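Before any comments, here is the structure.
Coordinate-derived values only; no laboratory data. Everything numeric in this text was worked out from a predicted model, so none of it was measured. A quick note on method: Cβ atoms are made from the backbone with ideal geometry, for glycine too, and the neighbour counts reach across all protein chains shown.
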């Protein structure tokens, strides 16, 4: 039982990361591929073939972290902002294609659960996670339990009537429009030229990252006033890479916006599972499907 | 047991409402008085004397709804934004003065619990409540249970670096700075003259209330993306009085900001217990103290 392995799949807006994972969160063979965004059918085919390219021996279940709201009762993915998934029985559909038990979790919830179970949040009872990737995902653990509501923390408003979201979100001024890797790409192009990316911004330790940190801190301040977590974990590719540059401005904004003593007592850490938090969280969903 | 009565006390930023309440939420004799804000000691004395002026016969416990973060384990009120309460053992202190079991609840949580148990939310499993009074309070019911975190929903940011909060909150652009009765008073003075209040604004059906409704809808949109409740309940003196004027603009903003299908499916209702939701919620905390 303890050497049982599963396959976790972290479906992001830009890339898919799939890997073989054990109960302790050890990651064995992995595969990574750009996300197919041409159609829902093509994306599901790609996910199934990626899983099947990994070694199948001893695999008990497959878990998917998806950037969509998930109805756990039905396994339906209700609609994603950045990829072509909308109102499909994702869990049932993938179980049919793979002939294995399938678990499904919102990607932000999956990452939060992984950090809570095996990462930066192992010693706390409550945490909020924000994943700054293509979009911004989020997850919340309250009193030691993963909150299974929407927790689309990337879509709380920080700037009323501000920058529009992309994709299937009609909102304006959401965290995602300021703090995602894609938003940082946009800043990079403006500051460093048409071919620059968020990574160049980070490599150059560009001061524009501070402004993103301020936006992030405002969002964290709001979330402290709602959840009062002991810990906020910042994950996602951009979030982990830019963490040290984001924090000074973010911490200042948290102290301004959070009601005392929430801001002072709050720990903010980078995801200790790094960019693999989502993958490991998807694997945890697979183990849950195994029972 | 079923004719057991308690005293509930709704401690607001402007006034204190105390009353005798039974398990079904029926309110008998009530007393109302302006909130003493000179000192913490004077306020506690006033609360005790108000309780003792109500008929004591058959009273089993007293419950307080307070506009402060509450630590339920210790009964400590951790700090209020609009009244002089900070880090005191509120529950123990009042139990000593009253020689009765005492329950304590954050005021927004109390109102949310009342609406969930006996009011507009009787038939739902999840709701978010916003009370627009002197300040803005909030409460959340998830999967049929009152969320006992901070849920200081009046202090989520809607306008980054916007209007400052008053009192003990250093934040800027919080819901409270735009949607509270006190914020509406300020608008009233600007629009209708130095002696006008929020009530005059509502009586005149002034178009400035629409702008407040827009702010409120932006906040509700954020909260839908976090909690995806079936129902949002608007309470508090200003919220109930202005409800019909606030809603058109608020609903439009919710549709823009909330991820589909949350906004379309959301019901928004005025507190069906009206301005007594907080009082009845405080009484529920008293019944909980009774066991």
Original post:
Once both labels are modelled 7 Å past Cα along the beta-carbon direction, what's the residue A:252-residue A:96 spacing in nm?
Top reply: 5.5 nm
Original post:
What is the extension gain from residue A:23 to residue A:86, computed as 0.36 nm multiplied by their sequence separation minus the C-alpha to C-alpha distance, in nm to one decimal?
Top reply: 19.6 nm
Original post:
Relative to the longest principal Cα axis of chain A, at what angle does helix A:40-53 sit, 0 to 90 degrees, rounded to 10?
Top reply: 70 degrees
Original post:
Using 7 Å Cα-to-Cβ label points, what is the residue A:30/residue A:49 separation (nm, one decimal)?
Top reply: 2.2 nm
**OP:** Would you look at the GNM of chain B, springs on alpha carbons closer than 10 Å, and say which of B:153, B:201, B:216 moves the most?
**Re:** B:201
Subject >> Per-copy distances of the residue B:58 label point, shortest first, in nm (7 angstrom along Cα→Cβ) >> reply: 7.0
Subject >> Point-to-point label distance, residue A:211-residue B:71, nm (Cα→Cβ direction, 7 Å offset) >> reply: 4.1 nm
Original post:
Of the residues A:175, A:128, A:81, which exhibits the maximal mean-square fluctuation in a Gaussian network model of chain A defined by a 10 Å Cα contact cut-off?
Top reply: A:81
Subject >> FRET efficiency, 1/(1 + (r/R0)^6) with R0 60 Å, evaluated for residue A:56 and residue B:161 via beta carbons >> reply: 0.65
**OP:** Could you list the residues of region B:233-253 with an amide nitrogen less than 17 Å from a label point located 7 Å from the Cα of residue B:199 in the Cα-to-C-beta direction?
**Re:** B:236-243
Original post:
What are the nm distances, shortest first, from residue B:73 to its equivalents in the other copies, labels at 7 Å along Cα→Cβ?
Top reply: 3.4
Original post:
Considering every residue in A:245-258, what mean count of other chain Cβ atoms within 10 Å of its Cβ is obtained?
Top reply: 2
Subject >> On Cα atoms only, tilt of B:237-257 relative to the major axis of chain B in degrees >> reply: 50 degrees
Original post:
Using helices alone, what [θ] at 222 nm do you get for the protein assembly as shown, with -39,500 (n - 2.57) per DSSP H run of 4 or more residues, divided over all residues and rounded to the nearest 500?
Top reply: -12500 deg cm²/dmol
Original post:
If R0 is 25 Å, what FRET efficiency do you get for residue A:168 and residue B:124 from their C-beta distance, rounded to 0.05?
Top reply: 0.45
Original post:
Across the residues of A:260-267, average count of Cβ atoms on other protein chains within 10 Å?
Top reply: 3
Original post:
Looking at the protein assembly as shown, what % of its DSSP beta bridges pair antiparallel, to the nearest 5?
Top reply: 60 percent
**OP:** Choose one answer from B:226, B:70, B:136: the residue with the largest mean-square fluctuation in a GNM of chain B with alpha-carbon springs under 10 Å.
**Re:** B:226
**OP:** Find every distance from the label point of residue A:86 to the corresponding label point in the other copies (7 Å from Cα along Cα→Cβ) and write them in nm, one decimal, shortest first.
**Re:** 5.3
**OP:** Could you please rank B:33, B:148, placing first whichever residue has the fewest other Cβ atoms within 10 Å of its Cβ?
**Re:** B:33, B:148
Original post:
FRET efficiency for residue B:264 and residue B:38, Cβ-Cβ distance as r, R0 = 60 Å, nearest 0.05?
Top reply: 0.75
Original post:
What whole number of Å gives the distance from the Cα centroid of region A:118-173 to the Cα centroid of region B:37-68?
Top reply: 40 Å
Subject >> Helix B:181-192 vs. chain B, principal-axis angle (Cα, 0 to 90°, nearest 10) >> reply: 50 degrees
